[in-house]
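A.B. asks: Just dropping this structure here.
The values are calculated or read from the model by the stated rules, or taken from the named source; none is laboratory data. In this text, all values refer to a predicted model and were calculated from it rather than measured experimentally. Cβ sites come from the backbone with ideal geometry, for glycine too, and all protein chains shown count toward neighbours.
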Amino acid sequence: MRLAGALPGPEALRVRGLRGSVLGGEASFRFFGELNDFLPPDERQRPLLRSFRGRPSVKHMIEALGVPHTEIELITVSGTSVDFAYRVRDGDAVCVYPVFESFDVTPLLRLRETPLRTARFVVDTNLGKLALYLRILGFDTLYSNRYGDAEIAGISSERKRILLTRDRRLLHRRNVTHGYWVRSTDPREQIEEVARRFDLVGLIEPFHRCLRCNSELRPVDKSEVEHRLEPRTKKYYDEFRTCPDCGRIYWKGTHFEHMRQELLARLQGRGASDDPDRGC
Ligand SMILES: [Zn+2]
């Protein structure tokens with residue numbers, strides 16, 4: 001939609017830019033891979049036409065379509081990568097890609113210098129089981145069921161932690177740059193989803209972190225903790241660690257290992273998700 005000549009007098013001045021060019025128009029947006037999860041079913045996997053007034057940023061228009069900026073790794077316009085601040089022009093064909101390893105985007109500019117896969121997390125209040133699983137696998141994970149939205153967003157941005165949430169609105173907050181909307185509602189599937197998304201398998205370190213307070217465990221001689229052990233534990237286990245903060249004792253039993261093996265089996269059991277289209 002071109003406005004040239006359509007609006008006389010002061011109204012025309014209002015919609016003209018500093019350089020006198022006519023503002024507003026229509027652009028198409030094509031979302032790839034898992035970004036389609038954020039769109040209504042009838043809008044997935046196809047170009048979406050959107051008209052606009054003025055010169056909105058591409059970030060603003062993408063978020064208005066329901067896709068949080070934290071999910072995005074790359075945006076191109078006519079095959080050239082642009083950043084979030086890019087001002088959309090009439091006729092632009094915008095392609096938006098998720099953080100997804102199987103897209104080869106290396107020749108193009110990514111939106112962030114550092115990949116999103118730094119494996120430190122802050123987990124939303126209703127994902128306690130997921131937080132526990134992450135700690136079992138050794139990942140630095142902050143969690144409290146008392147976090148408020150502003151607090152959890154602040155922790156994510158100030159302490160550079162990936163925010164994991166089931167609440168998409170939280171990811172729209174301006175200060176949240178590293179976040180992920182967890183799709184599944186089942187904790188076992190959630191840990192698989194997060195491990196796959198952030199490529200965590202090679203980083204798993206079970207028997208490494210306190211499940212209660214997230215602190216790194218310290219090795220301790222059996223003789224130092226013997227008096228606190230149940231007879232069976234004393235009999236069958238020899239390797240122990242303690243939490244420097246709460247004093248809880250951990251031993252290298254089957255629990256951690258089972259969890260790791262199960263996750264690996266799940267990840268290997270299913271291939272990477274198939275994407276019907278590979279480019280724009
Ligand atoms: Zn502890």
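A.B. asks: Name the residues in segment 125-178 that are closer than 15 Å to R209 by Cβ and aliphatic (A, V, I, L, M), would you?
C.D. replies: Matches in segment 125-178: L130, A131, L132, L134, I136, L137, L142.
A.B. asks: Of T185, T177, which residue is assigned by TED's automatic domain parsing to the domain that holds N145, surrounded by fewer than 16 Cβ atoms within 10 Å (Cβ to Cβ) and touching a residue at least 12 places away in the same chain (Cβ under 8 Å)?
C.D. replies: When all the criteria are applied, what remains is T185.
A.B. asks: Now, a different point. Is there any pair with a first residue in segment 207-234 that is basic (K, R) and a second that is away from the ligand (no atom under 11 Å from the Cβ) and part of a loop (DSSP other than H, G, I, E, B) whose Cβ atoms are under 9 Å apart and which are 6 or more apart or on different chains, and what are they?
C.D. replies: Cβ pairs passing all conditions: R209/L137; R209/G138; R209/F139; K222/L229; K222/Y237; K222/D238; K222/E239.
A.B. asks: Could I ask something else about it? Considering only residues that are surrounded by fewer than 15 Cβ atoms within 10 Å (Cβ to Cβ) and under 30 Å from the mean Cα position of the chain (by Cα), look in segment 247-263 and name the one that is nearest to the ligand (Cβ to nearest atom).
C.D. replies: If we take residues in segment 247-263 being surrounded by fewer than 15 Cβ atoms within 10 Å (Cβ to Cβ) and under 30 Å from the mean Cα position of the chain (by Cα), then H255 is nearest to the ligand (Cβ to nearest atom).
A.B. asks: Wholly within segment 125-228, which helices (runs of 4 or more DSSP H) include no fewer than the required count, namely at least 2 residues that are within 16 Å of the ligand (Cβ to nearest atom)?
C.D. replies: On the way: elements: 128-136, 149-158, 168-171, 187-197, 222-225.
Fully inside segment 125-228 and qualifying: 128-136.
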